[in-house]
Structures are given as C-alpha cells and as structure tokens.
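Derivation of every value follows stated rules applied to the coordinates shown; laboratory data play no part. Note that this is a predicted model, so its numbers are computed, not measured. All Cβ positions, glycine included, derive from the backbone under ideal geometry; neighbour counts span all protein chains shown.
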C-alpha cells in the first residue's frame, strides 16, 4: 500500500508538471509591427524565365554546364553583389545519405559566385537539429569556409516577426531576417527527396529553414505553408540537385537503399518549374504534389516546366 501511495503521488506530480508546461494557446505571437518588415525581391525578371537540365553524375561539371547553358552565373551575380546561399542543412547526417545539400554544391556555387565578382558569399539555414552539428556533420561548413564563404548560424536576434501580405499562416511569425537583409542576391539549393507529409522536399520546401518558432505546427497545412514560403522568397536563381534522389522515407532517410542515382542537375529562375521537373525524378506528377499547383495558381511560376524550353544537356 505504501508503494502504491508513492506511485500515485508520482503520477499526480507528473501530471501536474505536464499541465504546468502545457501551452494551450499555441505559439507565442510577436508584439512588434510585423507588417513593417520587408523582404527584398531578389529575382531578375528582366532576364526572363530560364531553365537548364543537365544529365550526369559529376556535380561540379553538371552545375557548371547548367549555369553556362542559361548565360553563366555572371549573368545573375554581378561585381560587388553580396550573395546568400540558402542550403538544406536540416539534419546532422552524412552527405552520402542525400538528406541535405551536398557540400560539393556549396563549394562549386561559392567559387563560381566569387569568380563572377561577388563581394561576399554567405551560407545559412535554420536546421531542425543543433545548427552547429548539422553544418559540421553534413560537410557544409568545411566546404563553405574552404571555398571562401561565411557560415551564418541562426541566432535569436537574427529572427524578426514578419507578416506576409495576403498570407494565412505566415502572420507575425519569426523569420530568419538578418541574413536576408544583408544580401543582394539569393540562390536556393536543395536535394530532391521524398517527404512523408508534402510528398516531396525540393526548392520551395527548402525555404522552410527560414522560419523560427514552433514551425512544426504548419505541417497541419503543409501545402499552404510551402506556397506561402514561395510567396515570401523570390530568389535570383535556384539549383535543384537530383544527382542522387531520396525515393523513400524522406525527409530524413538514413539508408542507402532509400536512394536512387538519377544523375540530373536542374537550374532555373522559376522555382515552381524546378520543383515540377524534380517531381519526375521521384516518379511523381504535379497532381501528386498539391503545393506545386497552389504556387502556380497564384502566379509564382509554371508547373509546365517544358513550356520554358529548358536547355537539355548531357555530360
């Protein structure tokens, strides 16, 4: 009876503690004027829609050829530009698992940006796991620093409350604003992979790493939040790495058996088109990925990537 009484007391105490920490109100809303914050438009519409698709296994060579096919990176990055590479560093996993941006992509893009005359290149993301560990174990940190880029780890003071005009979800939400406010151009680069909720994680889903707070609540309406992220960030250029595609158990994967050698590099000024092309590597159609149709419906790009007349090359 004494042991039962102690056990009962422990249960009551545990429940009381759980109730004490339970947050019935959900994420805390910011009190600052979120509507006053502006995120720049980094796109270059005067250049028109451009896209290239290159087949090959060597990331350095396919990326270089893909960029050359649409005018070269110097068409988009000018002398003195400050460039931000938004990578996917979400998990503390090895590059070979294809859950994150491959370090070779970071190396190549950094070198090409600096060669084009960029004043600086910075690399950022707000990973799910410990940021320092993620950047280190993915190989992104070493690749960036070796090539001459700066790693921007998320700090509390870097986040600002932001409200996206005409958005349902991104309202007074903390966004990794500081690195966005310090650059002239932004290039999004991500791997092609399966995602258990959205169906795929590619370019548009990669902007998720710019959100702070308890952003996992947005998984309840995943396709809408991806659409809104594409509304929020208008990139200069996007690079979708389909050299190796995670076909199953995304977004984390964890086994080489989840991967398929798809040997494709996709570069475009249209992030919707890039994701639509990436979907084919996952053996999926636009109809399978509602976020692509949602983004297209409000004019963020085209799901018919072939209508852009992409330059097709092979190594």
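Among the residues of the stretch 154-163 satisfying the criterion of being touching a residue at least 24 places away in the same chain (Cβ under 8 Å) and surrounded by fewer than 20 Cβ atoms within 10 Å (Cβ to Cβ), which is farthest from the chain's Cα centre (by Cα)? My answer is 163. Scanning the stretch 278-310 for residues that are surrounded by 17 or more Cβ atoms within 10 Å (Cβ to Cβ) and either over 27 Å from residue 259 (Cβ atoms) or touching a strand residue (DSSP E or B) at 6+ places or on another chain (Cβ under 8 Å) (or both) yields 278, 281, 282, 294, 296, 300, 301, 302, 305, 308, 310. Here residue 61 does not fit the description of being buried (at least 17 other Cβ atoms within 10 Å of the Cβ) and in contact (Cβ under 8 Å) with a residue 40 or more places away in the chain.
In the stretch 237-315, counting only strands (runs of 3 or more DSSP E) that sit wholly within it, the ones holding 1 or more residues that are more than 29 Å from residue 93 (Cβ to Cβ) and more than 19 Å from the chain's Cα centre (by Cα) span 311-314. Among the criteria (1) within 30 Å of residue 263 (Cα to Cα); (2) without any contact (Cβ under 8 Å) to a residue 24 or more places away in the chain; (3) surrounded by fewer than 18 Cβ atoms within 10 Å (Cβ to Cβ), the one residue 141 does not fulfil is (3).
When 143, 230 are checked against the criterion of being under 24 Å from residue 55 (Cα atoms) and in a helix (DSSP H, G or I), 143 stands alone in meeting it.
The residues listed here are 183, 175; of these, the one that is more than 26 Å from residue 67 (Cβ to Cβ) and either touching a residue at least 24 places away in the same chain (Cβ under 8 Å) or in contact with a strand residue (DSSP E or B) (Cβ under 9 Å, 6 or more places away or on another chain) (or both) is 175. Inclusion of residue 270 among residues that are surrounded by fewer than 16 Cβ atoms within 10 Å (Cβ to Cβ) and touching a residue at least 24 places away in the same chain (Cβ under 8 Å) is not warranted. When the stretch 184-212 is filtered for residues that are more than 8 Å from the chain's Cα centre (by Cα) and assigned to a loop (DSSP other than H, G, I, E, B), the ones remaining, listed by number, are 184, 194, 195, 196, 197, 198, 199, 200, 212. Quick check on residue 100: is it over 21 Å from residue 275 (Cα atoms) and buried (at least 17 other Cβ atoms within 10 Å of the Cβ)? No: the conditions fail for residue 100. Can you pull out every residue in the stretch 213-227 that is out of contact with any helix residue (DSSP H, G or I) (no Cβ under 6 Å at 6 or more places or on another chain) and either free of Cβ contacts under 8 Å to residues at least 60 places away in the same chain or part of a helix (DSSP H, G or I) (or both)? Answer for the stretch 213-227, where residues must be out of contact with any helix residue (DSSP H, G or I) (no Cβ under 6 Å at 6 or more places or on another chain) and either free of Cβ contacts under 8 Å to residues at least 60 places away in the same chain or part of a helix (DSSP H, G or I) (or both): 215, 216, 217, 219, 220, 221, 222, 224.
Looking across 54, 77, one residue alone is touching a helix residue (DSSP H, G or I) at 6+ places or on another chain (Cβ under 6 Å), part of a loop (DSSP other than H, G, I, E, B) and crowded, with 18+ Cβ neighbours inside 10 Å. It is 77.
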